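Every number in this text was worked out from the coordinates using simple rules, so none of it is lab data. Computed from a prediction, not measured in an experiment: that's the story for all the values here. Virtual Cβ from ideal backbone geometry, glycine too; neighbours counted across all protein chains shown.
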Amino acid sequence: MSTWNELNKFDRDRFAGSNALIFSPPWSTEQIDWWRENIFKPHGLYPEDLGEKLSASATGPKTITLSEMNPKTNSFVIRVKGLPSETGEAWYHQRRLNLKGRLFAAEKMVVPLDAQRKGTGRFLMADLVDTAVMMGLKRISLEAEDVGRYAWARFGFVPDETAWKYHVRIAGRRRLLRSQSEIAPRRFAAYHDVFDKENPTLIRTVARWTDQVDSVREFDHNGNPAKIAIGKAVLLESPANWIGNFELDDPETMDIFNRYVGRTK
């Protein structure tokens, strides 16, 4: 069957909305036409299909909400939320697609603690990478906060130059100094030297530091400091959130990603 005939099957009823698929506000003919030309024709996806791809690793019912659709800027926001678990908490993530910039912005993600321990956040981000690759995008951007300051560096994200120079390096050096007495002098000097350099990809080096030091946030059942890797301590136990990018056409970035999510050959 020809591509033209396939495209003639475009179903506008798929944009009517339901309890599980919400258009906020309801879309106009112009917005539906934009989707047909920019998402359906090249990729064969309806809104619920995109929502499912962005959360392929998560099972169970989901609610998909599309908002801020703007054909003039070639952008929209899609939010996928799972149903509450037995604890009453639900995971969700929100992504902004900007076709003009050929990027996804990973705007928000909330994962309950029990799901974090099962790698839910990591695999939801992997779903985003897979979808971005399928759509031929170049970049994923985010702001790394809280646990993400460490996790997303391990995933393959790199802070922008400003974040590395004025936030990550400064806060990281302070946290490193706090554990100086627990690290062999030669190794400490090598670690300290990293924070004198201006290449943001060095965050990947920091994330691999494994010397065990006392945590300032985690404690055992006796109230004693838990032991954690200094790389984790430097990135996680410091106040420096950072804005960064994941470059989809960079082989090193993709190699780090594939190893982190367990896709090594």
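Over the range 102-236, what is the relative contact order in percent, taking alpha-carbon pairs closer than 8 angstrom and at least six residues apart?
Relative contact order of the range 102-236: 24 percent.
Rank these for me by crowding, Leu235, Leu177, Leu66, going from fewest to most other beta carbons within 10 Å.
Arranged by neighbour count, lowest to highest, Leu235, Leu177, Leu66 become Leu177, Leu66, Leu235.
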Straight distance only, please: which lysines reach the Cα of Lys72 with their own Cα at less than 16 Å, same-chain residues fewer than 8 apart left out? Lys100
Under 5 Å, built H, 5+ apart or other chain: amide partners of Trp209: Gly231
Going by how many other Cβ atoms sit within 10 Å of their own, how do Trp35, Trp27 line up, fewest first? Trp27, Trp35
How far is helix 120-134 tilted, in degrees, relative to the longest principal axis of the Cα atoms in the chain, given as a value from 0 to 90 rounded to the nearest 10? 50
From the phi angles alone, apply the Karplus equation (6.51, -1.76, 1.60; θ = phi - 60°) to the range 203-216 and give each ³J(HN,Hα) in whole Hz, x where the residue is Gly or Pro. 4, 5, 5, 4, 5, 8, 5, 10, 3, 7, 9, 6, 6, 9
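Can you flag which of Lys118/Lys138; Lys53/Lys108; Lys108/Lys227; Lys53/Lys118 are past 27 Å Cα-Cα? Could you put the intermediate results ahead of the total?
Numbers: Lys118/Lys138 29 Å; Lys53/Lys108 17 Å; Lys108/Lys227 30 Å; Lys53/Lys118 20 Å.
Going by Cα-Cα distance, Lys118/Lys138; Lys108/Lys227 fall outside the 27 Å limit.
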Note the angle between two axes, namely the Cα long axis of helix 251-260 and the longest principal axis of the Cα atoms of the chain, as a number of degrees from 0 to 90, rounded to the nearest 10. 80
Amide hydrogen neighbours beyond the local backbone of Met69, cut-off 5 Å, H modeled: Val77
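Report the charge-dipole magnitude of the range 112-265 in Debye, nearest 20, computed about the Cα centre from +1 at each Lys and Arg Cβ and -1 at each Asp and Glu Cβ.
The calculated dipole for the range 112-265 is roughly 380 debye.
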Evaluated at q = 0.16 Å⁻¹: base-10 log I(q)/I(0), Debye formula over Cα of the chain: -1.21
Degrees between helix 169-178 axis and first principal axis of the chain (Cα, 0 to 90, nearest 10): 40
About its Cα centre, what dipole magnitude does the chain give when the only charges are +1 on Lys and Arg Cβ and -1 on Asp and Glu Cβ, stated in debye to the nearest 20? 480
Whole-Hz Karplus couplings 3J(HN,Hα) for the range 66-79, θ = phi - 60° and coefficients 6.51, -1.76, 1.60, Gly and Pro as x, run 10, 8, 6, 5, 9, x, 5, 9, 6, 8, 7, 10, 10, 10
Do any trypsin sites (Lys or Arg not before Pro) in the range 110-179 lie in a loop, going by DSSP, with at most 15 other beta-carbon atoms within 10 Å of their beta carbon, and if so which? Arg117, Lys118, Lys138
Can you tell me the dipole magnitude for the range 1-137 around its Cα centre, using point charges on the Cβ only (Lys, Arg +1; Asp, Glu -1), in Debye to the nearest 20? 340
Run through the range 97-165 and list the GluC sites (Glu not before Pro) located in a DSSP loop whose Cβ has at most 15 other Cβ atoms within 10 Å. Glu145
Please report the spacing between the Cα centers of the range 192-217 and the range 148-172 in Å, no decimals. 10
Gyration tensor (alpha-carbon) shape descriptor, the range 1-137, a/c threshold 1.5: prolate
Out of His221, Phe246, Ile203 - ranked by how far each Cα lies towards the positive end of the dipole of the range 160-265, with unit charges on the beta-carbon of charged residues - the top one is His221
Which residues' amide hydrogens lie under 5 Å from the amide hydrogen of Glu218, considering only partners 5 or more residues apart or on another chain, with H built in the peptide plane? Ala226
Hey, what number do you get for the chain at 222 nm if only DSSP H runs of n ≥ 4 count, each worth -39500 (n - 2.57), divided across all residues, to the nearest 500? -9000 deg cm²/dmol
